[in-house]
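Quick note: the coordinates plus some simple rules give every number you see, no bench work behind them. What you are looking at is a predicted structure, and each value in this text was computed from that prediction instead of being measured. No Cβ is skipped: glycine too gets one built from the backbone with ideal geometry, and neighbour counts run over all protein chains shown.
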Amino acid sequence: MNRRSGVVRIVTLLMIACFLALPLGACGKKASLEPPPGKETEFPRQYPRR
């Protein structure tokens, strides 16, 4: 394996890793963790029993 082929392989693997990691940036809560002013929190609350 020559030097250029090794560089191409590394760059390709890095690009694949970045493309696989990008969707993870969409996970999680984006808004404020605190409720809006004037609104009480709804949690914790009891689950209904059957």
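Which of Phe19, Pro48, Val8 sits farthest toward the positive end of the charge dipole of the chain, with +1 on the Cβ of Lys and Arg and -1 on the Cβ of Asp and Glu?
About the Cα centre, the residue reaching furthest to the positive side is Val8.
At q = 0.12, 0.17, 0.20, 0.29 Å⁻¹, what is the log10 ratio I(q)/I(0) for the chain, with the Debye formula run over Cα points and no solvent?
Evaluating at q = 0.12, 0.17, 0.20, 0.29 Å⁻¹ gives log10 I(q)/I(0) of -0.59, -0.76, -0.85, -1.06.
What number, rounded to the nearest 500 deg cm²/dmol, is the helix-based mean residue ellipticity at 222 nm of the chain, given -39500 (n - 2.57) per DSSP H run of at least four residues and division by all its residues? Provide the component values of the computation, followed by the final result.
Values: 1 runs with 19 residues, N = 50.
That comes out to -13000 deg cm²/dmol.
Enter the angle in degrees (range 0 to 90, nearest 10) between the Cα long axis of helix 3-21 and the first principal axis of the Cα atoms of the chain, meaning the one along which they spread out most.
10 degrees
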